[in-house]
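Below you'll find the structure, written out as structure tokens, and then a few comments.
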Amino acid sequence: MSVFDEPAEEPDQIRDQLRQLFRYRALLVLGLVLGMLGGGAVSLLGGSTYTATGEVVVHAISTAPFEAGGVSVDKQISMGTERQIAQSASVAAGAAKALKLDTDPAKLQRDLRVSNPPETQTLMFEYSADTADRASALVNAFVHAYLDYRQDAATQRIDKTVSKLGTELKPLQEQRKVLDRRIAGASGSGRATDESERSNLVSEIADLQGRISSLKSLDTTPGDIVRKGDPPAFPSSPGLTLLLLAGAVIGLVLGILAAWVRSVLEPRVRSVADVQDNLRAPVLGILPRRQGGAELLEVGRGGRGNRAEAYRTIAFRLVHDHRFAGRGSLLIVAPRENADAVSVAVNLAAAFAEIGNDILLVEADLRTPRVAQRLPVRPGHGRPVPGSWAEGERLTVDAGVDGRFDLLPGREVPNPARTLSSPQFARLLDTPSGPNENVVVFTGPLLSHADGLAVAKQAAGVVVVCDLNEVRRDDLDRVWELITTAGGHILGAVLDKGSHGPALRRLSDGGPTHRKRGRGRGRAAVAPPPALPGPPPPAAGPTPAPRGPLDADTTSLRR
């Protein structure tokens, strides 16, 4: 395979993976529905949420608010600190008191958000409530509570400082009065000393009075409200439509995840490529679904449906398969009871007879034989040999105008495995002497009884019948191992879609995909083994171009 073939297979791989996910439609639909229901429940139970917004420009304490240098370094504000103050419990308590609410301040804080846009001295208050009026009232209450708290704090600090300075000023003023009286009654050097001391005292008093005057002249305005918290016209919470859409997306993602996990843990084969990989053999054809009430014999007697044409195509491929043509005996077997190997064997025999071959259909199920009761039979030829089932009487199956073939019906025997390994049965499988003579044998499920292995080692080829809805990868691995170990040769597989199952099951599992392997890997995976020794294939005209498994229901062999 060329390196240039690999990128061409990637779209096929992606499509195959998508098909694998969409097989589990019930999980996808369930996730979608649950997501939408969850979105609707959030909308109904949560209710609408309204958010009111108020904005405040914070001012620093300044002696000259309209001058650039009016704010000293120690009075610069920190917006991070102011935001923490706005969200504090003290401000929340002030808002609750202003609105006369008995609510715990901590509960009011939960729905408050305060932010500070970068490079600004603005605080943005946002409050969410179940009604627009409540959101507006609470955001305005928080704005005013913050401003009141900040102004009260500044006023208290100024008053405390002025009171402290006044306490220091009072004794100085008393001392100045004493010096004034002493200076009035003194003379000489004593008077000069008192005047010098009074001068120093007056300087200290003037300094304290200046500081007090400066503090009282400070602008303590905490800030300005630049946006009032008006009642919002529309809710801030997502609407019902948005919640349903979000729930649908989340539910679909969860459904896809569940479908992926389900596909990873799926033990059954999910594609034609899986069958080819596990059975190490090609898929000869895929049988369409069986309609209700269909008879066992579908080829002949007016049978012109899709399944009859699929049987004819499979027979045509076997006739021109160099691994089987001219070898005579063919074993049809299923891994387990869920696959209908009897139907495939009967209809392949009818399709061979339709081509013109002499066919003997052998019911090698010696435990529960009943095929003769389901077919239109009439007495044939041959005299029964006492005690020998393989040499017993044969019946003729009438397939209408399309032909007829012989049937060796099964019968219950004490030891089926010994009977199928007997020399009489071996001679029966070696009976075909020409390229147009075939023996078609079917047995019970291979993994239930060892009867099929006794036939597989003597037959020229084995066709494995798989139910697409039930066959497991492990079963195909075991079938390949048992047949090859016994010396048999697997010609290929016939995949049966079976009948229509329950509607719930069809919804939950879309069934396997039918995509084949990529061109390079596909040929390597299903390449036939070397031809077996034997007569050459029959000269039945030019060999047609090889067909894939999906083309198995398009070619008619009606003569």
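The values are calculated or read from the model by the stated rules, or taken from the named source; none is laboratory data. Given the structure is predicted, the values throughout are model-derived calculations rather than measurements. We place every Cβ from the backbone using ideal geometry, glycine too, and count neighbours over all the protein chains shown.
Things to note:
- Number of the condition not met by GLU391 [criteria: (1) within 23 Å of ALA454 (Cα to Cα); (2) out of contact with any Gly (no Cβ under 7 Å at 6 or more places or on another chain); (3) modelled with pLDDT of 85 or more]: (3)
- For the condition modelled with pLDDT of 90 or more, within 12 Å of VAL494 (Cα to Cα) and in contact with a strand residue (DSSP E or B) (Cβ under 9 Å, 6 or more places away or on another chain), ALA310 qualifies.
- Scanning segment 343-362 for residues that are among the hydrophobic types (A, V, I, L, M, F, W, C) and part of a helix (DSSP H, G or I) gives VAL344, ALA345, VAL346, LEU348, ALA349, ALA350, ALA351, PHE352, ALA353, ILE355.
- In segment 176-235, residue farthest from SER128 (Cα to Cα) [restricted to those that are of a type in the set (D, E, K, R) and touching a strand residue (DSSP E or B) at 6+ places or on another chain (Cβ under 9 Å)]: ASP219
- Any hit, segment 203-213, residues being acidic (Asp, Glu) and touching a residue at least 24 places away in the same chain (Cβ under 8 Å): yes
- Any chance THR161 is touching a residue at least 12 places away in the same chain (Cβ under 8 Å), surrounded by 10 or more Cβ atoms within 10 Å (Cβ to Cβ), under 30 Å from GLU126 (Cα atoms) and of a type outside the set (Lys, Arg): no
- Looking across segment 103-157 at every residue that is β-branched (Val, Ile, Thr) and either more than 41 Å from the chain's Cα centre (by Cα) or in a strand (DSSP E or B) (or both), the one that is nearest to THR51 (Cα to Cα) is identified as VAL139.
The rows are residues; the columns are (1) at positive phi; (2) surrounded by fewer than 17 Cβ atoms within 10 Å (Cβ to Cβ).
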position: SER78; (1), (2): no, yes
position: GLU82; (1), (2): no, no
position: ALA92; (1), (2): no, no
position: LYS100; (1), (2): yes, yes
position: ASP104; (1), (2): no, yes
position: LEU108; (1), (2): no, no
position: ARG113; (1), (2): no, yes
position: ASN116; (1), (2): no, yes
position: THR120; (1), (2): no, yes
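- Selection status of THR167, touching a Leu at 6+ places or on another chain (Cβ under 6 Å), without any contact (Cβ under 8 Å) to a residue 60 or more places away in the chain, in the same structural domain as ARG83 (by TED's automatic domain parsing) and not in a loop (DSSP other than H, G, I, E, B): no
- Candidate set: segment 461-502, residues that are at pLDDT below 85 and assigned to a loop (DSSP other than H, G, I, E, B); chosen: the one surrounded by the most Cβ atoms within 10 Å (Cβ to Cβ): LEU468
- Checking each residue in segment 213-244 for being of a type in the set (Val, Ile, Thr) and modelled with pLDDT of 85 or more picks out ILE225, VAL226.
- Qualifying position, being in the same structural domain as THR485 (by TED's automatic domain parsing), on the phi < 0 side of the Ramachandran plot, in contact with a Gly (Cβ under 8 Å, 6 or more places away or on another chain) and not in a helix (DSSP H, G or I), among PRO445, PRO414: PRO445
- PRO369 being in a loop (DSSP other than H, G, I, E, B), surrounded by 16 or more Cβ atoms within 10 Å (Cβ to Cβ), at pLDDT 80 or above and assigned by TED's automatic domain parsing to the domain that holds LEU453: yes
- Selection from segment 402-420 of residues that are under 11 Å from ALA390 (Cα atoms) and small (Gly, Ala, Ser): GLY410
- Within segment 319-342, the set of residues being in a helix (DSSP H, G or I) and surrounded by 24 or more Cβ atoms within 10 Å (Cβ to Cβ) comprises ALA341 only.
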